[in-house]
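The values are calculated or read from the model by the stated rules, or taken from the named source; none is laboratory data. These figures come from a predicted structure and were not determined experimentally. Note: ideal-geometry Cβ built from the backbone for every residue, glycine included; neighbour counts use all protein chains shown. The area values use the complete protein model at the heavy-atom level, side chains included, leaving out ligands, DNA and RNA. Shrake-Rupley method; radii C 1.70, N 1.55, O 1.52, S 1.80 Å.
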Amino acid sequence: MTRKDIRNITKSLFESKARRNLELVEIHEDSPYVINAVVEIPKGCTAKYEYNPDLDTFQLDRCLPDSMHYPCSYGFVPSTMGEDEDPLDVLIYDSVPLDRGTIVQCNVIGALDMEDSHGRDWKILGVPVYRGKEFWSLKDIDPMFLKIADMFFKHYKDLEAQKKVTVRGWIDKKQALKIVDECCERFRPIDTLEEFLSKTSDS
């Protein structure tokens, strides 16, 4: 069973299992305008953690150079699938680091257009809903943060052999909402156990 197969099991099938899977948390009822975000990496961290759905825990992927740290808390949007078959990435714009494993409801503000060796790798920019009406678009975000985040993702893999990154800049809210919708649609949950068994036998 691949990671993609595990993500495609519906909530009813998932609940029959003994362990949880944060990648299967339901999309927010106000999606795509509001998303649920799972924090993997707190703001200011120099270590990159990734959620392992098979073990329902967070594991260390690698450590960045001491001079580089995540400019905001970073994670993924459950019940979505990007073009790389991973959950959609999310940057959580807030003034404080958010604990790993926390689920944060965020308003979608924009997205960073990025591509790596696995293909298109959008980074959705979200602001926690508790910030209210303070942030509605990229124009409300500190311009220095946007520059720092852009520069960070251009260079955070510089020291890793054969890992190249292309960052094309920020896109607006309207385009970001479309990306969220597309990634929710791509997730395409399986509705029955028979469909799931048929799909896994074909792969």
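Give me the 1.4 Å probe accessible area per residue for the range 40-199, excluding ligands and nucleic acids, in Å². Numbers along the way, then the final one.
Numbers: 8250 Å² over 160 residues.
Result: 52 Å² per residue.
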If you place +1 on the Cβ of every Lys and Arg, -1 on the Cβ of every Asp and Glu, and leave all else neutral, what size is the dipole of the range 50-163 about its Cα centre, to the nearest 20 Debye? 480
Carbon/sulfur fraction of accessible area - the range 31-108, other protein chains in place, 1.4 Å, %: 45
Give the aspartates and glutamates reachable from LYS154 as a straight Cα distance under 12 Å; neighbours fewer than 8 places away on the same chain don't count. ASP113, GLU115, ASP116
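Carbon and sulfur atoms: what percent of the 1.4 Å accessible area of the range 119-175 do they account for? List each step's numbers first, then the result.
Numbers: 2010 of 3570 Å².
C and S atoms contribute 56 percent here.
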